Amino acid sequence: MNAIGRLADTSIAVSRLLFSGHLLKFPGMKLVISHGGGALPYALGRLARNHKIGQGKYADPRKGFEAMYFDSCVFDADTLEYLAKKAGPGRVMLGSDQPFPIGDPSRKKRWKEPTSPTQ
């Protein structure tokens with residue numbers, strides 16, 4: 001369940017939230033999505049395509065995505081880098097999944113040192 005079930009649950013719940021438009025109705029709300037957003041950062045194009053062909057049935061998931069924040073519980077440096085690139089580094093927060101058994105004991109090691117634009 002911890003390996004993939006939580007990601008699936010997060011992905012489905014947040015996708016429904018995005019399509020509902022509630023994040024756009026409450027622009028001051030700060031919502032942090034656990035599990036690095038589940039599959040959402042990687043499936044955003046698919047959601048956007050459904051929005052486009054849905055002929056007004058769904059809210060724009062890309063706009064809703066811009067209103068969300070994410071924890072860093074992805075357990076992989078490359079995945080974390082992609083999440084930060086997709087969401088923006090200012091919208092990714094350090095997470096650990098502690099005290100659960102899957103908790104990341106070396107979460108700070110996954111963060112790469114930022115490089116300056118001149119490097």
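The values are calculated or read from the model by the stated rules, or taken from the named source; none is laboratory data. Just so it is clear, the model here is predicted, and its values are computed rather than measured. All Cβ positions, even for glycine, are placed from backbone atoms using ideal geometry, and neighbour counts span all protein chains on display. We work out accessible area using only protein heavy atoms, side chains counted, and drop any ligands, DNA or RNA first. Shrake-Rupley method; radii C 1.70, N 1.55, O 1.52, S 1.80 Å.
Counting only residues that are closer than 19 Å to Asp9 by Cα and part of a helix (DSSP H, G or I), segment 65-87 holds 3 of them.
Considering only residues that are hydrophobic (A, V, I, L, M, F, W, C) and at pLDDT below 95, look in segment 72-83 and name the one that is farthest from Gly37 (Cα to Cα). Step through it out loud before you land on a result.
Restricting attention to segment 72-83, the residues satisfying the condition of being hydrophobic (A, V, I, L, M, F, W, C) are 73-75, 77, 80, 83.
Filter again for at pLDDT below 95, leaving 73-75, 77, 80.
Details: Cys73: 9, Val74: 9, Phe75: 13, Ala77: 15, Leu80: 11 Å.
Among those residues, the one meeting the criterion is Ala77.
Pairs meeting the criteria (first residue in segment 6-35 and under 17 Å from Gly90 (Cα atoms), second residue loosely packed, with under 13 Cβ neighbours inside 10 Å, beta carbons under 7 Å, at least 6 apart or on different chains) are Val32/Met93. Residues that are part of a loop (DSSP other than H, G, I, E, B) and free of Cβ contacts under 8 Å to residues at least 24 places away in the same chain within segment 88-104 comprise Gly88, Leu94, Ser96, Gln98, Pro99, Gly103, listed in sequence order.
When you scan segment 100-114, do you find a residue that is at pLDDT 95 or above and open to solvent by 80 Å² or more (accessible area, probe 1.4 Å), even just one? Taking every residue of segment 100-114 in turn, none turns out to be at pLDDT 95 or above and open to solvent by 80 Å² or more (accessible area, probe 1.4 Å).
Give me the helices (runs of 4 or more DSSP H) completely within segment 1-64, filtered to those with at least 3 residues that are surrounded by 13 or more Cβ atoms within 10 Å (Cβ to Cβ) and in contact with a Leu (Cβ under 7 Å, 6 or more places away or on another chain), ordered by residue number. First the steps, then the outcome.
Details: elements: 5-20, 22-25, 40-53.
Here the list reads 5-20.
For segment 65-78, which positions are among the aromatic types (Phe, Trp, Tyr), open to solvent by 30 Å² or more (accessible area, probe 1.4 Å) and over 18 Å from Ile4 (Cβ atoms)? Please lay out each step first, then the result.
Pass one, segment 65-78, residues among the aromatic types (Phe, Trp, Tyr): 65, 69-70, 75.
Narrowing further to those that are open to solvent by 30 Å² or more (accessible area, probe 1.4 Å): 69, 75.
Scanning segment 65-78 gives a single hit, Tyr69.
Counting the residues of segment 75-87 that are among the charged types (D, E, K, R) and free of Cβ contacts under 8 Å to residues at least 12 places away in the same chain gives 2.
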